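Data block below; observations after.
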Amino acid sequence: MDESSKDSLRDPSGEDAGDRSGARDSLLLMSDLRVGDATTTVRVRNLSAGGLMAEYQQGLDVGTEVECDLRGVGVVRGRVAWSAAGRIGIAFDRQIDPKLARKPVGTGAKPNMVVAPKYTPRT
């Protein structure tokens, strides 16, 4: 793959924001995003082993440290890779298994079935 075809983003200063060639799953997942002492809920629009894209209207500076609490995965630390048009990209500090966020939440145990007694009219 030559340099011109590499799938990467650049922040406004022209710095490379990292290789984005990994597979991404499109989804809609709510996540708590912590920036410093403030926590807010964001909509995650896509997720990969190395990062995510989320809706975040306020925008953040590239390089800002954040933590995301992802369902099925847990708390993941990362840094803002890009920020534009009400969305941010976060590059994780460690790889995750994005499939864990798609697994159903709960124990998976089925409730006991209760069958009503058959009604027999009196004669």
Inset, instruction - Rounded to whole Å and sorted largest first, list the principal axis extents of the Cα atoms in the stretch 29-102. - result: 28, 23, 20
Inset, instruction - Mind giving me the nanometre distance, one decimal, between the label points for ALA84 and LEU27, set 7 Å out from Cα along Cα→Cβ? - result: 2.5
Legend entry - Residue order for LYS99, LYS118 - accessible surface, 1.4 angstrom probe, largest first: LYS118, LYS99
Inset, instruction - Would you kindly state how much longer the chain becomes between TYR119 and ARG102 on full extension, computed as 0.36 nm times their sequence separation minus their alpha carbon distance, in nm to one decimal? - result: 1.8 nm
Legend entry - Percent carbon-and-sulfur accessible area, the stretch 29-102, ignoring ligands, DNA and RNA, probe 1.4 Å: 43
Legend entry - 1.4 Å probe accessible area per residue over the stretch 29-102, in Å²: 52
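The values are calculated or read from the model by the stated rules, or taken from the named source; none is laboratory data. A quick note: this is a predicted structure, and the numbers were derived from the prediction, not measured. Positions of Cβ are backbone-derived with ideal geometry, glycine not excepted, and every protein chain shown enters the neighbour counts. These area figures cover heavy atoms from the full protein model, side chains too; ligands, DNA and RNA do not enter into them. Shrake-Rupley method; radii C 1.70, N 1.55, O 1.52, S 1.80 Å.
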